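Encoded as structure tokens, the structure appears first; notes follow it.
The values are calculated or read from the model by the stated rules, or taken from the named source; none is laboratory data. Owing to the predicted nature of the structure, the values given are computational and were not obtained by experimental measurement. All Cβ positions, glycine included, derive from the backbone under ideal geometry; neighbour counts span all protein chains shown. The accessibility values were calculated without ligands, DNA or RNA, using every heavy atom of the protein model including side chains. Shrake-Rupley method; radii C 1.70, N 1.55, O 1.52, S 1.80 Å.
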Amino acid sequence: MESTAIYRKPKKWIAAVLGLFIQPVGMLYVARPGWAAVYLALGVILALCNMFLFRGRELAGGVILLLFAIICAIHAYRLARDYRELLRRPWYSRWYGLVGIVAAFAAVGFGARAFLFEPFRAASGSMAPSIEPRAQLIVRKWGYGNYGTYGIHLIRTGMSSEVQRGDIVVFEYPEDRALSYVMRVVGLPGDRISYYNKRLKVNDQEVQVRQIGDYFHKDRPMRFPQYLERLGDHEYAILIEPEAPAAVPFTRPFPFRERCAYTAEGLSCRVPEGHYFVLGDNRDNSSDSRVWGFVPAINIIGKVQYIVQ
């Protein structure tokens, strides 16, 4: 005997709550898959706009998302109110269908963040001018062997993608792997890195640098000399403050520190196997491998693929 529950009208308050917090699910609950697809597409578009267009205007983006959620909640409430009681409820509007659909989407989203691409937020200005503070970063993760997201580590495998000099990578901070840093790789395993008098050398070859226009800080009425540096196939801007000392201040003990020699003019290091030497592009305002040492290969999360300033 067929259950009468599949003919029961959806509850208006449940429809409104689902429409407010999970818009496509709210539409599925009232058996409107077409509207669910529309709200899903609009939600993705608004999320991308919030990421790329509303940087620095988070309040405006938040208000738009709230209005979107309220509109969907009202829409779902009215559809539930007007639902014909004799209309059969499809499987995807029943609790087990909704739970299954949400679980499937959550699994796909979690897997994509854990293994493919993950967004990160630049916390400091150590990579200016290449990456401004609070810039949004899209990091490619597959091939780097360090898979997980939301603080959950799933698996660590060998690295199959090659890290090149000049790449910008996100990695777990060696002194606290719960923290994620973003820096530029300048030294590969076995390289000899020298940074004396603010000039970078890799394997005794000086890296090409030429001065370009000054960099104007967005948050402070200051400008800094800006230089274009070329390392391998990468060409990028760096900041150097002429008045800042060349010596590296406040160095800390770190593994393989005996491979580095420090002087009043800078330092030189031989990068150990399975490790990388990283620098911030804001050379005189960056805590990097000069201060806390080498980055183990297993700490690398991925390569920065896109930067949204």
Under-5 Å amide H pairs with Lys198, H placed in peptide plane, nonlocal only
none
So how strong a dipole does region 189-309 carry about its Cα centre when Lys and Arg Cβ are +1 and Asp and Glu Cβ are -1, to the nearest 20 debye?
160
Cβ under 13 Å from Ala112's Cβ, Ala112 left aside: what net charge do those residues give with Lys, Arg +1 and Asp, Glu -1?
+2
Farthest positive-ward along the chain dipole, Cα basis, beta-carbon charges - from Met51, Ser93, Ile193:
Ser93
Have a look at Val25, Val139, Val102 and tell me which one the Gaussian network model of the chain (Cα, springs below 10 Å) gives the largest fluctuation.
Val102
Acute angle (nearest 10 degrees) that the helix 58-81 long axis makes with the longest principal axis of the chain, alpha-carbon atoms:
20
Residues with beta-carbon under 11 Å from that of Val278, excluding Val278: net charge, scoring Lys, Arg +1 and Asp, Glu -1?
0
Using a 1.4 angstrom probe, figure out how much accessible area region 216-309 has per residue, in square angstrom, rounded to the nearest whole.
50
Would you work out the charge dipole size for region 174-220 about its Cα centre, treating the Cβ of every Lys and Arg as +1 and the Cβ of every Asp and Glu as -1, and quote it to the nearest 20 debye?
160
If you take every residue apart from Ile101 with its C-beta less than 15 Å away from the C-beta of Ile101, what net charge results, scoring Lys and Arg +1 and Asp and Glu -1?
+3
Carbon + sulfur, % of accessible area of the chain - ligands and nucleic acids excluded, 1.4 Å:
61
Per residue accessible area of region 61-206, 1.4 Å probe, in Å²:
52
Region 95-154 versus region 279-307: alpha-carbon centroid distance in Å
19
Rounded to 5, percent antiparallel among DSSP beta bridges of the chain:
100
Peptides ranked, highest mean first, by Cβ atoms within 10 Å: ranges 70-77, 106-113
70-77, 106-113
Using the Cα centre as the reference, give the magnitude of the dipole from point charges on the C-beta atoms of the chain (Lys, Arg: +1; Asp, Glu: -1; all else neutral), rounded to the nearest 20 debye.
1580
With point charges of +1 on the Cβ of Lys and Arg and -1 on the Cβ of Asp and Glu, referenced to the Cα centre of the chain, which listed residue (Gln23, Thr251, Gly148) lies farthest in the positive direction of the dipole?
Gln23
Largest fluctuation, Asn285, Asn197, Asn299 only, Gaussian network model of the chain with Cα springs under 10 angstrom, belongs to Asn197
Calculating Cα Rg over 2.2 N^0.38 Å from this structure picks out, from (i) 0.96; (ii) 1.03; (iii) 1.33, entry (iii)
Ser124's amide H: which non-local residues (gap 5+, or another chain) put their own amide H closer than 5 Å, with H modeled 1.01 Å from N in plane and none for Pro or chain starts?
Arg134
For region 130-231, which GluC sites (Glu not before Pro) are both in a DSSP coil and crowded by at most 13 other Cβ atoms within 10 Å?
Glu162, Glu175
Value of relative contact order over region 138-265, rounded to a whole percent, pairs C-alpha under 8 Å and six or more apart
14
Relative contact order for the chain using alpha-carbon pairs under 8 Å, separation at least 6, rounded to a whole percent?
18
Give a residue-ordered list of calculated ³J(HN,Hα) values for region 108-115 (Karplus: 6.51 cos²θ - 1.76 cosθ + 1.60, θ = phi - 60°; whole Hz; x for Gly, Pro).
5, x, 5, x, 5, 5, 6, 10
